[in-house]
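Following this message is one structure expressed as structure tokens.
The values are calculated or read from the model by the stated rules, or taken from the named source; none is laboratory data. The model shown is predicted, which means the values in this text are computed figures rather than measured ones. Glycine gets a Cβ as well: all are built from the backbone with ideal geometry, and neighbour counts include every protein chain shown. Note: areas computed on protein heavy atoms with side chains; ligands, DNA, RNA excluded. Shrake-Rupley method; radii C 1.70, N 1.55, O 1.52, S 1.80 Å.
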Amino acid sequence: MKKLILAALCGITFTVFGQKKAKTAEKAPSIWVTLTAENWDAPGANAEFLTHEGRPALKILPKPGQVVLKNTKFSNGTIEFDYIPTDQRFSSFYFRYKDSKETELFYFRTQLAGDSTAIEAVQYSPAIDGVNLWDLLPQYQGKANFQNKTWNHVKLIASGHQLRVFVNDTQRPTMEVPRMEGNVTEGTLAFEGEGIVSNLVIKPGQTEGLPAYEGTDPVAHDPRYLRKWQISEPAVLPKNVDFSLDQAPKAETMWEPIWAERRGMINLTRKFGMSKERRVVWMKVNIISKTDQKKKMAMGFSDDVWVFLNGRYLYVDKNTFAAPIMKEPAGRCSIENTSFVVPFKAGKNELTIALANDFYGWALIARLEDMTGITVE
């Protein structure tokens, strides 16, 4: 009982049976997770428990669904395991896993195994209300030196808001996440996508000095970002309708404020959650200009955008993943997506945007080239 209390104080609670205890660390016991059927939930029969190359192993089969560790709550500490990610597309590891809708996630794009220079070999992403936000967070992907036919050693350190990941290198991080973006702070562990796992150990509370507070937002002090908008409730677009001004705000439309998150992003997925139907939302902001002047605006968006200035069309575009029209970087939401000129008149200008979404994350980022002669209400 004393060991369970100690583990809980260090960010993890175990009530599982069959776990083997490693040598006690200075602050908290490390937990070797037993890779046997009674410890794991695999409702889709997508797991086998076997001996692989002389070691006990969990084999995740090429079937949909997560293989979930039972009766476990992990918050802060270190997780290590050996891994052969054999899936044809993605081999995924979940932590702070509340359920399939709310979790943190680190995964391998396994088709890039052996390519130590591939910019998107691995990625961190949260799931919010069942939406994987990979397309809103292109900054959290990178290179990794891994193979898909031999063992790789994976180590993750979670401390409060921050995450540090090591793949086949215990000295230099493969990925550093200054602020994890999920809605969850604790949960269990899970795997998905074909692969083989061995030597899974959890070290509660052992964060190796990684701060719990969030790291620096690189644009936090940049005044050019439009960070506060008025926003309508989302509306479902009729089938076979790309866009219609019939969906435009009416006099009775209710508006509420929404503020940008890190990197100036208005995260609509966090606010409105998942939808299986294509939806559009309207956003507006008043901008006061001292003179008639033109300003370039950079914009990131997912997925389709219609921009109006003082009630007149200004800009229309799409960022459709895997289509020729998709924007850099690779159809993801980024301030690099596009830019256009805004002809402000002297006085008050209403900038209105319709933003539609039907694929993964839903978001907008807007930044003026400078704020000379400009005031945002």
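Taking the range 269-305, which residues are more than 25 Å from the chain's Cα centre (by Cα) and not hydroxyl-bearing (Ser, Thr, Tyr)? Working first, answer last.
Initial filter on the range 269-305 (more than 25 Å from the chain's Cα centre (by Cα)): 284-297.
Listed by number, the residues that qualify are Lys284, Val285, Asn286, Ile287, Ile288, Lys290, Asp292, Gln293, Lys294, Lys295, Lys296, Met297.
Quickly run through the range 181-214 and pick out the residues that are open to solvent by less than 20 Å² (accessible area, probe 1.4 Å) and out of contact with any Phe, Trp or Tyr (no Cβ under 9 Å at 6 or more places or on another chain). Working first, answer last.
To start, the set of residues in the range 181-214 that are open to solvent by less than 20 Å² (accessible area, probe 1.4 Å) comprises 181-182, 184, 187-191, 193, 195-198, 200-202, 204, 210.
Gly182, Leu210 - these are the residues of the range 181-214 that are open to solvent by less than 20 Å² (accessible area, probe 1.4 Å) and out of contact with any Phe, Trp or Tyr (no Cβ under 9 Å at 6 or more places or on another chain).
Another question about this same structure. Looking only at the range 80-113, count every residue that is farther than 16 Å from Leu61 by Cβ and outside any strand (DSSP E or B) and tell me the total.
8
From the residues in the range 215-235 that are open to solvent by less than 70 Å² (accessible area, probe 1.4 Å) and outside any loop (DSSP other than H, G, I, E, B), which one is farthest from Gly160 (Cα to Cα)?
Within the range 215-235, the match that is farthest from Gly160 (Cα to Cα) is Ala235.
Okay, moving on. Could you say which residue among Arg172, Arg164, Arg263, Arg270 is open to solvent by 50 Å² or more (accessible area, probe 1.4 Å) and assigned to a loop (DSSP other than H, G, I, E, B)? Break it down into steps so the answer makes sense when it comes.
Details: Arg164 fails: assigned to a loop (DSSP other than H, G, I, E, B); Arg263 fails: assigned to a loop (DSSP other than H, G, I, E, B); Arg270 fails: assigned to a loop (DSSP other than H, G, I, E, B).
Exactly one residue qualifies, and that residue is Arg172.
One line per residue, one yes/no per condition, for (1) open to solvent by less than 10 Å² (accessible area, probe 1.4 Å); (2) more than 24 Å from Ser125 (Cα to Cα); (3) of a type in the set (Val, Ile, Thr); (4) at pLDDT 95 or above:
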position	(1), (2), (3), (4)
Lys284	no, yes, no, yes
Gly311	no, yes, no, yes
Leu314	no, yes, no, yes
Ser334	no, no, no, yes
Ala356	yes, no, no, yes
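Within the range 54-79, take every residue that is in a loop (DSSP other than H, G, I, E, B) and open to solvent by less than 60 Å² (accessible area, probe 1.4 Å) and give me the one that is farthest from Ser125 (Cα to Cα).
Step one: filter the range 54-79 for residues in a loop (DSSP other than H, G, I, E, B), giving 54, 61-66, 70-71, 75-76.
Applying the additional criterion that residues be open to solvent by less than 60 Å² (accessible area, probe 1.4 Å) yields 61, 65-66, 75-76.
Working: Leu61: 22, Gly65: 17, Gln66: 16, Ser75: 17, Asn76: 17 Å.
Restricting to residues being in a loop (DSSP other than H, G, I, E, B) and open to solvent by less than 60 Å² (accessible area, probe 1.4 Å), the top hit is Leu61.
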